[in-house]
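Report on one structure; see the data block that follows.
The values are calculated or read from the model by the stated rules, or taken from the named source; none is laboratory data. Please read all numbers here as calculations on a predicted model, not as lab measurements. Here the Cβ positions follow ideal geometry from the backbone for every residue, glycine too, while neighbour counts run over all protein chains shown.
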Amino acid sequence: MTEMSLEIDSRLISCVVPKGRGAPLQQALADNKAIHNATLHHGRGVGKSLHGSDRSLGDQQERDILEVLVQQEKCDEIFEYMFFEAQINEPHGGIIYVSKVSKNSCFGLPDVAWEKE
């Protein structure tokens with residue numbers, strides 16, 4: 001059986017980008033940084049720049065939301081990589097931020113004998 005370990009002081013990097021940029025970023029993290037725990041989901045909404053009277057259902061834009069849990073020591077490196085890879089440095093590129101996670105558990109799948117055959 002695989003043991004689960006408790007990690008403390010991890011960081012959650014959340015990245016909100018225009019629709020279509022989340023999946024390529026998730027793949028780039030897997031290919032270039034060996035990060036396979038990124039969670040991708042979607043949302044929609046309106047920007048803060050629109051006034052309440054100017055908002056309508058048609059103004060909503062879909063967004064990709066990518067969340068990655070990383071060790072504190074790697075946070076700055078992964079944050080910078082995601083910032084430029086997702087083109088957040090471009091106008092209307094999105095937003096990225098970091099949240100402190102007090103505790104999380106790491107686990108791996110057990111080795112199964114029949115998988116090795």
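Across the stretch 77-112, the number of residues qualifying as under 20 Å from ASN32 (Cα atoms) and surrounded by 13 or more Cβ atoms within 10 Å (Cβ to Cβ) comes to 10. When ARG55, ARG63 are checked against the criterion of being surrounded by 15 or more Cβ atoms within 10 Å (Cβ to Cβ) and either modelled with pLDDT under 70 or over 18 Å from SER10 (Cβ atoms) (or both), ARG63 stands alone in meeting it. The number of residues in the stretch 66-76 that are among the acidic types (Asp, Glu) and either exposed (fewer than 11 other Cβ atoms within 10 Å of the Cβ) or in a strand (DSSP E or B) (or both) comes to 2.
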